[in-house]
């Protein structure tokens, strides 16, 4: 299996990698914004017309990409960047 993966990489010039490991998709930015505003995962799902499980999965991906381990750190990190601070 590992040899097959290496052959595929060699044949196709490697796999495309995101520009940066913490690059968020447009949808992930939307989810992060709503989480930072204090919405529950269920309410984020309702607001974006997606399931709670999709929000949970995206939140996990967002936290992984940003190098934070929980929702509290995600909010703190985002607010430190000026996200979710509406005046």
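Here are a few things to note about the model shown:
- Pair-distance profile P(r), taking every C-alpha pair of the range 22-87, with 5 angstrom steps and integer %: 4, 19, 33, 27, 14, 3, 0
- With 0.36 nm allotted per residue and the present C-alpha distance subtracted, the residue 30-residue 49 stretch has 5.6 nm of extension available.
Where a number appears in this text, it was derived from the coordinates with a stated rule and is not lab data. Owing to the predicted nature of the structure, the values given are computational and were not obtained by experimental measurement.
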